[in-house]
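Student: The following block contains the structure, expressed as structure tokens.
The values are calculated or read from the model by the stated rules, or taken from the named source; none is laboratory data. Just so we're clear, the structure is a prediction, and the values are computed from it rather than from any experiment. Here the Cβ is made from the backbone with ideal geometry for all residues, glycine too, and neighbour counts use every protein chain on show. To get the accessible areas, we keep the full protein, side chains included, count just its heavy atoms, and leave off ligands, DNA and RNA. Shrake-Rupley method; radii C 1.70, N 1.55, O 1.52, S 1.80 Å.
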Amino acid sequence: MKTHEQSTDTAAAPAAADRAVTGPAAARPTAPVAGDSAAGNPAAGSRAAAGPAAVSPAAAVAAAAATTAGDEDAAIAVTTEGLPVWLDPVASAARTIEPDQLSRFLPPESGAGRQSAVLVLFGEGERGPELLLMERSGSLRSHAGQPSFPGGSLDPEDGDQATTGPLRAALREAREETGLDPRGVQLFGVLPRLYIPVSGFVVTPVLGWWRSPSPVGVVDPGETARVFTVPVADLTDPANRATAVHPSGHRGPAFLVESALVWGFTAGVIDRILHFAGWERPWDRAKQVPLDWRA
């Protein structure tokens, strides 16, 4: 992991045994997930209606990537063709969502900040829709034991940071950190770039569908403690949701899933995706998880 993606600093996630996981099962009719209604149940309901005509800056980036992609870029084109129906609300939100609807931390107008990207990868497992996450090694000097999306800084070989650069970086970093085979990933959207003041990173969340799953696991134990998937049903379960409170006063959404505390940038992106996809279920925002100064 070449960059850090939490909105303040780090979370002290509970320790967990290292384990490799396999990717979600190949696409099939989705199984129901927790929740009685389509809100909170991404596998429920019919195909989402088309969003408003307005196009977000992130959608423009995705469109530019698709437009400028030559033969060598074909594998990283952004397309919604063939997506499972339950991902339609996410794809629709990605086309219209504005940066300030995701976070109050936006990239500096001066253009300052180190460009990076993360892969927000949706798959389908035994319990239905799920997300791929990783946990940083406990031996790292900073952000030890913190769950995150796979991702990192853009390298020169990734190309234009305004078009295909973030797409290439997200896939490359996911391969380097989890062993993921990028050929099995279909990129279907790009969220607006967000800023992490504590680290100075400008992060582009890239949305992917794990169309052809491949085995994943820890590649470098010095950087990654484990690689794991989290069912969307667990992320929408109100019992697994809380507000993380840092001694500095920062407050934000958190998820207690898979023996891990997910908070900061990663939790913020997940929270907004659940909200704008219509999957969010009412949860107790007064339930707090305190963080310490090392976080």
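Student: Might you work out the accessible area of Arg175 for me, using a 1.4 Å probe with all protein chains in place, and round it to the nearest 10 Å²?
Tutor: Counting only protein heavy atoms, the figure is 110 Å².
Student: Name the residues whose placed amide hydrogens come within less than 5 Å of the amide hydrogen of Asp181, ignoring near sequence neighbours (fewer than 5 apart) on the same chain.
Tutor: Ser214
Student: Ignoring ligands, DNA and RNA, what accessible area per residue does the stretch 82-138 give at 1.4 Å, in Å²?
Tutor: Working: 2210 Å² over 57 residues.
Ligands and nucleic acids excluded, the figure is 39 Å² per residue.
Student: Go through Asp160, Asp234 and list them by solvent-accessible area, largest first, probe radius 1.4 Å.
Tutor: The residues order as Asp160, Asp234, largest area first.
Student: Using a 1.4 Å probe over the heavy atoms of the protein chains, calculate the carbon and sulfur portion of the accessible area of the stretch 157-280 as a whole percent. Please report the intermediate quantities before stating the final value.
Tutor: Values: 1790 of 3570 Å².
C and S fraction of accessible area: 50 percent.
Student: Count charges around Leu106 for me, please; just the other residues with Cβ under 13 Å from its Cβ, Lys/Arg as +1, Asp/Glu as -1.
Tutor: Here the charged neighbours net out to -1.
Student: Under a 1.4 Å probe, what is the accessible area of the stretch 185-295 per residue, stated in Å²? Before the final figure, lay out each step's value.
Tutor: Values: 3810 Å² over 111 residues.
Normalised by residue count, the accessible surface of the stretch 185-295 is 34 Å².
Student: Could you work out the relative contact order of the stretch 216-295? I mean the mean sequence separation of Cα pairs under 8 Å and 6+ apart, divided by the number of residues, in percent.
Tutor: Reported relative contact order: 32 percent.
Student: Sort Asp292, Asp284 from largest to smallest accessible area, using a 1.4 Å probe on the heavy atoms of the protein chains.
Tutor: Asp284, Asp292
Student: May I pose another question? Using DSSP, restrict attention to beta bridges with both residues in the stretch 212-295 and report what percent are antiparallel, rounded to the nearest 5.
Tutor: Close to 75 percent.
Student: If you rank Arg285, Arg168 by how much accessible surface each has, with a 1.4 Å probe, what is the order from largest down?
Tutor: Descending accessible area places them as Arg285, Arg168.
Student: Tell me which of Thr164, Val185, Gly123 sits at the most positive position along the dipole axis of the stretch 118-188, charges placed on C-beta atoms (Lys, Arg +1; Asp, Glu -1).
Tutor: Positive-most Cα among the choices belongs to Gly123.
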